[in-house]
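The values are calculated or read from the model by the stated rules, or taken from the named source; none is laboratory data. What you see is a predicted model, and the numbers here were worked out from it, not measured in a lab. Every residue, glycine as well, gets a Cβ built from its backbone with ideal geometry; the counts of neighbours run over all protein chains shown. Note: accessible area is taken over every heavy atom of the protein model, side chains too, but ligands, DNA and RNA are not part of it. Shrake-Rupley method; radii C 1.70, N 1.55, O 1.52, S 1.80 Å.
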Amino acid sequence: MHIEQLRAARSMTEGDAHDLAVVAGGHRPCRVTLSCHERSVHALVLPFCRDELAVAEGDLVSVTVEGPDQESERAALRAFAARFDRIGGDQPPKTRSTTAFARRVIRR
């Protein structure tokens, strides 16, 4: 069993929860569990239960990985932590450029 604590850079969105579930599903022999605010959720069902965890900016989230061997546990934890760290970290917000939108409107 491997445990790591990660700090959330922002609130977890539905898309983030889905992406984390996909990462956990890619490491199928391992069971990945997230805990926050005295609640725990298996990563595979995170898209359906993310409101139960209520992960907000600055929250500490414990990630527990149980698997058949040490190497698969470490690989699953590395992949999951890498995706979790991208939640709001260095990603620019996905918004449309208002300039590009204005150009399209002017052309019409």
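Figures for the structure shown
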quantity: Hits in the range 82-108 (condition: within 20 Å of V22 (Cβ to Cβ), open to solvent by less than 100 Å² (accessible area, probe 1.4 Å) and either modelled with pLDDT under 50 or out of contact with any helix residue (DSSP H, G or I) (no Cβ under 6 Å at 6 or more places or on another chain) (or both)); calculated: A82, F84, D85, G88, G89, Q91
quantity: Residues satisfying the stated conditions in the range 20-40, i.e. among the aliphatic types (A, V, I, L, M) and open to solvent by 20 Å² or more (accessible area, probe 1.4 Å); calculated: V22, V23
quantity: Considering residues of the range 45-54 that are more than 11 Å from the chain's Cα centre (by Cα) and not acidic (D, E) only, the residue farthest from E66 (Cα to Cα); calculated: A54
quantity: Residue within the range 27-41 that is touching a Cys at 6+ places or on another chain (Cβ under 7 Å), among the β-branched types (V, I, T) and under 27 Å from E71 (Cα atoms) present; calculated: yes
quantity: Those residues of the range 21-61 which are without any contact (Cβ under 8 Å) to a residue 24 or more places away in the chain and on the phi > 0 side of the Ramachandran plot, in sequence order; calculated: H37, E38, A54
quantity: The lone exception for A17 - which of (1) crowded, with 16+ Cβ neighbours inside 10 Å; (2) more than 12 Å from the chain's Cα centre (by Cα); (3) part of a helix (DSSP H, G or I) it fails; calculated: (2)
quantity: Qualifying positions in the range 63-86 - more than 9 Å from the chain's Cα centre (by Cα) and not aliphatic (A, V, I, L, M); calculated: T64, E66, G67, P68, D69, Q70, E71, S72, E73, R74, R78
quantity: Test: residue in the range 62-81 that is touching a helix residue (DSSP H, G or I) at 6+ places or on another chain (Cβ under 8 Å), part of a helix (DSSP H, G or I), at pLDDT 90 or above and exposed (fewer than 14 other Cβ atoms within 10 Å of the Cβ); calculated: no
